[in-house]
Amino acid sequence: MSLFNKLDFVRNEISEIKDIKQKPKGGLSTFSSRIRYAISLGFKEKEIFIFGLLQWASIGIGYILWVQMLDWIPESVWRSAARSDDISSADIILFAWSFVCVGIAAFPVGIFTGCMGAAHFLHRRGEESTVATCLKLVLPQSWPLWLFHWIDGWITVSQIVDRLPRKNDTRSSAQIALGEAMYYAWKLGVSGVLPSIVTGNGLIASGKNSIKFVKNNFSEIKKLRAGYSILCWMVGIGAYIGTIILFITFDVIPEGDEVYSNMYAIYLWAAVPILVAVGFVMLLLRPIYVLTLCDLYADYLEENNIKPPLPDKASLPVSVFVSFSILCLLVLTVFLFCNEIGVIDMLSSSNQ
């Protein structure tokens, strides 16, 4: 996992900034002030909405793929997990499956998010921006885009899970607060990673560039992130309420049945409000956030007399497509031959 700790230095350095713990004022107004620019750019470069739609589809496929394994876990294992905090083989397999599913979704999400950034930089340079042109610029940067979004996606998913109510939670308030603080420092710290990768830099170089960028624009980025986070929280709460309404309205759990025998159905039905919420974020909030960060990064480069060298003639890294194909093949093998390779047996076992 050392590969996925390569950007820890970004979070650690940003967390040491003196004013990072102070809550910024005007986050929503800062974010809303950028809406007009992002939407106007979206109408001029309509492929931005296409990239947002493709990101949404990628996350939806990743979630549905993850849910499939829940259908393989017997009711007895769910019951056992509810009674014990011990780690079973089913926990380990589901953890690995979750990690792989995030990785599969991270590849297209990274490419299409990078394309959003490319559309911005092309428009700013006065050049034509099309789906093909954006892909031509971004695909050579597939490796750093994939790794960054895999790392960021896993951190985000882990934080969402940590926020959910849990049985016998032994964490203190200080530990919970520390986890939130480190997550916040991560999100602030990597604000410049995407635009730096899009303009031709590698993963580590982009992490270093991001630190300089964030420190140079700390107040603005902090407010922007705060506004984006508040709106995402509101969307998340809406999805939570929508899930409750959905379960009340529809007979997701047949009368007389227990939760343990319907875990797959519960998570599958939950995809409806979850993906609606994700769609709102991916089609509206995230494009505004990404385009604004790219605009701020472009201003930062101009202030420092740095011309972003967009990688027009870079070669495509065949290795990343081979690696992604192998990962997809691995998942397909597990899906098709789960009985033959013993996955079902391992999911059916527990430490009880």
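The values are calculated or read from the model by the stated rules, or taken from the named source; none is laboratory data. Only a predicted model underlies this, so the values are computations on that prediction, with no experimental measurement involved. Because the Cβ atoms are built from the backbone with ideal geometry, glycine has one as well, and the counts that use them run over all protein chains shown.
Observations, loosely collected:
- All positions within the stretch 186-210 that are over 16 Å from the mean Cα position of the chain (by Cα), closer than 24 Å to LYS21 by Cβ and buried (at least 20 other Cβ atoms within 10 Å of the Cβ): GLY207, SER210
- In the set (1) at pLDDT 85 or above; (2) more than 17 Å from ILE73 (Cβ to Cβ); (3) surrounded by 15 or more Cβ atoms within 10 Å (Cβ to Cβ); (4) not charged (D, E, K, R), the condition left unmet by PRO317 is number (1).
- Among residues that are closer than 18 Å to VAL320 by Cβ, β-branched (Val, Ile, Thr), in a helix (DSSP H, G or I) and out of contact with any Gly (no Cβ under 8 Å at 6 or more places or on another chain), ILE151 is included.
- Considering the stretch 48-138, the qualifying helices (runs of 4 or more DSSP H), each wholly inside and each with 3 or more residues that are under 22 Å from the mean Cα position of the chain (by Cα), run over 89-124, 131-138.
- Considering the conditions (1) within 30 Å of GLY227 (Cβ to Cβ); (2) at pLDDT 90 or above; (3) not small (Gly, Ala, Ser), PHE324 is excluded by exactly one of them, (1).
- Selected residue (criterion: farthest from GLU75 (Cα to Cα)) from residues of the stretch 214-268 that are part of a helix (DSSP H, G or I), of a type outside the set (A, V, I, L, M, F, W, C) and in contact with a Leu (Cβ under 8 Å, 6 or more places away or on another chain): GLU220
- Test: LEU94 is surrounded by fewer than 22 Cβ atoms within 10 Å (Cβ to Cβ), at pLDDT below 90 and of a type in the set (A, V, I, L, M, F, W, C): yes
- In the set CYS101, CYS115, only one residue is under 30 Å from TYR260 (Cα atoms) and touching a helix residue (DSSP H, G or I) at 6+ places or on another chain (Cβ under 6 Å); that residue is CYS101.
- Selected residue [of a type in the set (Ser, Thr, Tyr) and either touching a Lys or Arg at 6+ places or on another chain (Cβ under 6 Å) or more than 21 Å from ARG286 (Cα to Cα) (or both)] from SER172, SER191, SER129, SER142: SER172
- Residue count for the stretch 263-291 satisfying the condition of being over 30 Å from HIS120 (Cβ atoms) and either surrounded by 16 or more Cβ atoms within 10 Å (Cβ to Cβ) or of a type outside the set (Val, Ile, Thr) (or both): 9.
- Among residues of the stretch 220-248 that are farther than 30 Å from ALA185 by Cβ, those with a Cβ under 8 angstrom from a residue that is of a type in the set (Phe, Trp, Tyr) and in a helix (DSSP H, G or I), sequence gap 6+ or separate chain, pair up as LEU246/TRP269; PHE247/TRP269.
- Lone qualifier among ILE221, ILE211, ILE204 - being touching an Asp or Glu at 6+ places or on another chain (Cβ under 6 Å) and modelled with pLDDT of 90 or more: ILE211
- Selection from the stretch 243-262 of residues that are buried (at least 17 other Cβ atoms within 10 Å of the Cβ) and of a type outside the set (Val, Ile, Thr): ASN262
- In the set LEU164, LEU224, only one residue is crowded, with 21+ Cβ neighbours inside 10 Å and either touching a helix residue (DSSP H, G or I) at 6+ places or on another chain (Cβ under 6 Å) or more than 30 Å from SER319 (Cβ to Cβ) (or both); that residue is LEU224.
- Residues within the stretch 23-82 that are over 21 Å from PHE95 (Cβ atoms), modelled with pLDDT of 85 or more and of a type in the set (D, E, K, R), tallied: 1
- Residue in the stretch 22-32 that is surrounded by fewer than 20 Cβ atoms within 10 Å (Cβ to Cβ), part of a helix (DSSP H, G or I), aliphatic (A, V, I, L, M) and touching a residue at least 40 places away in the same chain (Cβ under 8 Å) present: yes
- Residues satisfying the stated conditions in the stretch 86-103, i.e. in contact with a Phe, Trp or Tyr (Cβ under 8 Å, 6 or more places away or on another chain) and more than 12 Å from LEU347 (Cα to Cα): SER98, PHE99, CYS101, VAL102, GLY103
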